[in-house]
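Down below is the structure, laid out as structure tokens.
The values are calculated or read from the model by the stated rules, or taken from the named source; none is laboratory data. Everything numeric in this text was worked out from a predicted model, so none of it was measured. Please note: Cβ atoms are built from the backbone with ideal geometry, for glycine as well, and neighbour counts cover all protein chains shown. Each accessible area value is taken on the protein alone, full model and side chains, heavy atoms only, with ligands, DNA and RNA left out. Shrake-Rupley method; radii C 1.70, N 1.55, O 1.52, S 1.80 Å.
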Amino acid sequence: MRNINRKIYVLLLLLPFVMITACKVSYDSMLQDFNNKYFAPAVQKELSVNDEGFEADGMLAPYYDFYDGYSSSLAGPADAAAYNWKTPVPDSEPVEYRELCKERVFNFMPGIDFASGSETKVILTVTNNAGTEYIDSTIIRINRQLPI
């Protein structure tokens with residue numbers, strides 16, 4: 001009986017090893033096959049203001065959430081002649097704007113450029129090569145800490 005138990009014990013130890021090494025497909029290729037089957041990436045062309053049918057409402061999402069202390073950025077559409085990122089100055093009558101950036105990518109530090117725990121409206125004005133202006137806005141929400 002003791003001899004049979006020892007053989008079963010050895011068999012149970014060797015069985016997982018044999019099963020793992022007998023597989024001809026690597027772990028990475030199994031993951032890749034699964035991802036390709038269930039999460040096929042959508043091919044997206046980069047948004048350009050010179051494309052036919054370009055709409056300003058697609059430049060920015062309605063809201064963006066950022067976290068205090070992490071460098072962040074927003075990007076406008078490609079191939080524009082000019083970019084202007086600005087935000088309204090609070091409690092100004094008539095409404096005045098503070099210029100933030102005149103480049104395609106607006107880089108900022110939440111908690112420094114925008115107060116922690118705040119919501120700030122940011123307006124992007126983009127001018128294409130023909131001189132047409134497109135305007136879109138978003139709300140940037142600055143959270144104090146990462147969600148757990």
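Quick rundown of the values:
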read-out: For segment 78-138, Kirkwood radius (reciprocal of mean inverse C-alpha pair distance, Å); value: 12.7
read-out: Percent antiparallel among DSSP beta bridges (both partners in segment 62-134, rounded to 5); value: 95
read-out: Tyr64 accessible area, 1.4 Å probe, all protein chains in place, Å² to nearest 10; value: 60
read-out: Per-residue [θ]222 nm for the chain (sum of -39500 (n - 2.57) over DSSP H runs n ≥ 4, rounded to 500); value: -7500 deg cm²/dmol
read-out: Average accessible area per residue (Å²) across the chain - probe 1.4 Å, nucleic acids and ligands excluded; value: 75
read-out: Ile112-Glu96 pseudo-label distance in nm [points 7 Å out on the Cα-to-Cβ vector]; value: 2.5
read-out: Accessible surface of segment 41-148 [probe 1.4 Å, protein heavy atoms]: carbon and sulfur percent; value: 48
read-out: Area accessible to solvent at Arg98, 1.4 Å probe radius, in Å²; value: 110
read-out: ³J(HN,Hα) computed for each position of segment 62-75 - Karplus, 6.51 cos²θ - 1.76 cosθ + 1.60, integer Hz, glycine/proline x; value: x, 9, 10, 9, 10, 10, 3, x, 10, 4, 9, 7, 10, 10
read-out: Backbone HN-Hα couplings from phi across segment 87-100 [Karplus 6.51/-1.76/1.60, Hz, Gly and Pro as x]; value: 9, x, 7, x, 6, 9, 10, x, 4, 10, 10, 9, 6, 9
read-out: Formal net charge of residues neighbouring Arg141 (Cβ-Cβ distance under 10 Å; K, R +1; D, E -1); value: -2
read-out: Antiparallel DSSP beta bridges within the chain, percent to nearest 5; value: 75
read-out: Entry for Cα Rg over 2.2 N^0.38 Å (calculated from the structure that is shown) out of [x] 1.27; [y] 1.85; [z] 1.33; value: [y]
read-out: Sites Ala78 and Ile135 - FRET efficiency at Förster radius 25 Å, r taken between beta-carbons, to 0.05; value: 0.90
